[in-house]
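The values are calculated or read from the model by the stated rules, or taken from the named source; none is laboratory data. This is a predicted model, so every value here is computed, not measured. Counting neighbours? That spans all protein chains shown, and the Cβs are built from the backbone with ideal geometry, glycine included. Quick note on the areas: whole protein, heavy atoms, side chains included, nothing else; ligands and nucleic acids left out. Shrake-Rupley method; radii C 1.70, N 1.55, O 1.52, S 1.80 Å.
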Amino acid sequence: MPPGKSTIASDVDSLFNFILYGSTVLFLIVVIGMIYFVVKYRAKEKDKLTSGVSHNLKLELLWSIIPTILVIIVFFWGFRVYLKMYVPPRDAYEIKVTGQRWSWVFDYPNGATTIGELNVPRGKPVKLLISSKDVIHSFYIPDFRIKMDALPNRYTVTWFEAPEPGGHNLFCAEYCGTSHSGMIGRVNVLGEREFNDWLESSASFGEGLSLEDYGEQLFTQKACVTCHNINGKAHTGPPLNGIYNVKINMADGSLVLSDENYIRESILNPQAKIVAGYQPVMPTFQGILNDRQIDALVAYIKSLEKK
Ligand code: CUA
């Protein structure tokens, strides 16, 4: 297992190891005993019958009572860790997590939004309020030993506290369609100062950057890059280079001129026009991007040349 990097990790690992080593010992006792008896009491002569042993009370009590005690230990131990994992502390910092095909969206209390990248302060409990926009996903951070389903029409909750700064992998652990394996991300545990600086700058919406440069930043930050190439090659979605001001074939047979309004509509209402040869799977970015961010993405896409 990867090294545990949250306050709950050692509890989960101790219980896991107890079950793993306990099962290994029992497995060995049963299998070695079985092999020993098979060899020792094999039929040596054709008509010699074995003695008619019926039962042994001491042995039977032993192999009933010991496993029962072990199972009870696992139950109470597991229940204690479970409660600790699923009841977030009162003062936890709350972040809204939304799963959608095929990215993770994070909403922070100050209005900042990130996609595919979760920034958290170190040494502080973080509560995650999780839901899904479409199908069932599963929010999974192996280093923190937490995994929680993301369900449409229902909230689920989990929490963690990461004592050290660092980066960790984040996965979707529930098969959710074509790009399930691409529904990944990073968790960045930042020092308190660094985290507050980031929070502040994230609310500035690319101030001081040209629209094109800000758009380039957003293209990665908002996970457009998960489904769209800019090198002319098809991905889950069509490539986005060299598409400005040309006529594009749609799935319904029509021909559409891709101007600024077409690009904007495709971001906010992706199902309105589907490019021929692609599936209508893009989620809407309505409510995720503000006007300046949409302008920036349009400016960036316009700047991408045909290859
Ligand atoms: Cu989302 Cu798999």
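At-a-glance table
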| read-out | value |
| --- | --- |
| The lone exception for residue 197 - which of (1) away from the ligand (no atom under 16 Å from the Cβ); (2) surrounded by 13 or more Cβ atoms within 10 Å (Cβ to Cβ); (3) without any contact (Cβ under 8 Å) to a residue 40 or more places away in the chain; (4) over 18 Å from residue 279 (Cα atoms) it fails | (2) |
| Any hit, region 86-96, residues being within 16 Å of the ligand (Cβ to nearest atom) and in contact with a Ser or Thr (Cβ under 8 Å, 6 or more places away or on another chain) | no |
| Single unsatisfied condition, residue 147 versus (1) within 11 Å of the ligand (Cβ to nearest atom); (2) open to solvent by 30 Å² or more (accessible area, probe 1.4 Å); (3) out of contact with any Lys or Arg (no Cβ under 9 Å at 6 or more places or on another chain) | (1) |
| Subset tally (residues that are part of a helix (DSSP H, G or I) and among the hydroxyl-bearing types (Ser, Thr, Tyr)) for region 228-265 | 1 |
| Top-ranked residue in region 150-187 [being of a type in the set (Ser, Thr, Tyr) and surrounded by 17 or more Cβ atoms within 10 Å (Cβ to Cβ); ranked as nearest to the ligand (Cβ to nearest atom)] | 179 |
| Count of region 169-211 residues which are at pLDDT 85 or above, part of a helix (DSSP H, G or I) and of a type in the set (Ser, Thr, Tyr) | 1 |
| Some residue of region 214-224 being assigned to a loop (DSSP other than H, G, I, E, B), touching a residue at least 12 places away in the same chain (Cβ under 8 Å) and open to solvent by less than 70 Å² (accessible area, probe 1.4 Å) | yes |
| Some residue of region 47-63 being open to solvent by 60 Å² or more (accessible area, probe 1.4 Å), free of Cβ contacts under 8 Å to residues at least 40 places away in the same chain and either touching a helix residue (DSSP H, G or I) at 6+ places or on another chain (Cβ under 6 Å) or of a type in the set (Val, Ile, Thr) (or both) | yes |
| Index of the failed condition, residue 74 passing every other in (1) open to solvent by 70 Å² or more (accessible area, probe 1.4 Å); (2) touching a Leu at 6+ places or on another chain (Cβ under 9 Å); (3) part of a helix (DSSP H, G or I) | (1) |
| When residues of region 98-141 are limited to those that are surrounded by fewer than 21 Cβ atoms within 10 Å (Cβ to Cβ) and aromatic (Phe, Trp, Tyr), the one nearest to the ligand (Cβ to nearest atom) | 140 |
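Let's see how each residue does on (1) within 30 Å of residue 280 (Cα to Cα); (2) open to solvent by 100 Å² or more (accessible area, probe 1.4 Å); (3) assigned to a helix (DSSP H, G or I):
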residue	(1), (2), (3)
4	no, no, no
11	no, no, yes
14	no, no, yes
21	no, yes, yes
39	no, no, yes
89	no, no, no
96	yes, no, no
